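All remarks here apply to the structure that follows.
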Amino acid sequence: MTGLKVEEATGKEFTKLFAKFVLSHYGYLTAGELSLAFSLNAADELPTKTVCYGSNLTIEYVGAILSSYKQKRMALASKIALSASHELPTPELTKEQKESEAKEFCNEYYKKWLERDFSPVTALYAYMVYDTLDKAGIISLTVEEKKHWFAKAQEQRERELSAPSIDRQERKDYNRMMEAYMNNSVPQEEKDLVKNYAKKLALLDYFSSWKLEGKVKIFDI
């Protein structure tokens, strides 16, 4: 969409930084909204149009677009809320349809993992697959096992917070979060993040076991 490129030699590292940046600062946005932000910027429909004068995609460029999109998103939120009551109701999926879609998503997710088509961005949705499989009784962890994965997730998060940051703002955010841990005042969003990390670790452990067993899909649908 932008015509910008990412050097092949640094592509993997850039992907990690991109996912880390988005998760840390714009984790509430969906993948569709990320794409929409760039579309609106291209159409000059954001509060501030962001122009990149170089040839490479950068985190700074991404951040500028998402920051501008965030402003537009907040302005639209109130309008959407006011107009929602006047819109025709959207037909809701039946319980069976929702369950079928969730199963298809899990199968496709596992397939991507088996085919190693698994990016850092894809990994962000692991907790959704875990929740579906947990609800279906396919994943069943004991209290001790849950504590084990939560401890592993906490270690992972601590490594992230102490790792080199992308910019000064990220370093400030990380330092603030580390202080929150020391003062036992961790916000709920951070607790949920670590919990989702634990679900991802547990899920991928199941995936590894299933691969050894020759399992090619989770649900027969």
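The C-beta contact set for the stretch 40-66 (first residue without any contact (Cβ under 8 Å) to a residue 40 or more places away in the chain, second residue open to solvent by 80 Å² or more (accessible area, probe 1.4 Å) and not small (Gly, Ala, Ser), distance under 7 angstrom, 6+ apart or interchain) comprises 41/49; 47/71. Figure legend. Inter-residue proximity from the stretch 25-38: first residues assigned to a helix (DSSP H, G or I), second residues open to solvent by 30 Å² or more (accessible area, probe 1.4 Å), beta-carbon distance below 6 Å, spacing 6+ or different chains. Indicated pairs: 38/1. Scanning the stretch 38-61 for residues that are open to solvent by less than 50 Å² (accessible area, probe 1.4 Å) and in contact with a Ser or Thr (Cβ under 8 Å, 6 or more places away or on another chain) gives 38, 41, 46, 50, 52, 57, 61. For the stretch 124-134, the count of residues that are exposed (fewer than 14 other Cβ atoms within 10 Å of the Cβ) and in a helix (DSSP H, G or I) is zero.
Pairing residues of the stretch 141-159 that are in contact (Cβ under 8 Å) with a residue 60 or more places away in the chain with residues that are aliphatic (A, V, I, L, M) and surrounded by 11 or more Cβ atoms within 10 Å (Cβ to Cβ), at Cβ distances under 9 Å and at least 6 apart in sequence or on separate chains, gives 141/202. Inside the stretch 165-213, can you point out the residues that are among the small types (Gly, Ala, Ser) and closer than 20 Å to residue 140 by Cα? Scanning the stretch 165-213 gives 198, 202, 208, 209. Can you tell me how many residues within the stretch 174-216 are over 23 Å from the mean Cα position of the chain (by Cα) and surrounded by 13 or more Cβ atoms within 10 Å (Cβ to Cβ)? Final tally of qualifying residues: 3. Of the residues making up the stretch 169-221, those that are aliphatic (A, V, I, L, M), more than 15 Å from residue 150 (Cβ to Cβ), part of a helix (DSSP H, G or I) and at pLDDT below 95 are 177, 178, 180, 182. For residue 164, the criteria (1) farther than 30 Å from residue 96 by Cα; (2) without any contact (Cβ under 8 Å) to a residue 60 or more places away in the chain; (3) in a helix (DSSP H, G or I) hold in every case but one, which is (3). Of everything in the stretch 62-118 that's surrounded by fewer than 10 Cβ atoms within 10 Å (Cβ to Cβ) and basic (Lys, Arg), which residue is modelled with the highest pLDDT? Filtering first and then ranking leaves 116.
The values are calculated or read from the model by the stated rules, or taken from the named source; none is laboratory data. Keep in mind it's a predicted model, so treat the numbers as computed, not measured. So basically every Cβ, Gly included, is an ideal-geometry build from the backbone, and we count neighbours across all protein chains shown. Just the protein is used for accessible areas: all its heavy atoms, side chains included, with ligands, DNA and RNA removed. Shrake-Rupley method; radii C 1.70, N 1.55, O 1.52, S 1.80 Å.
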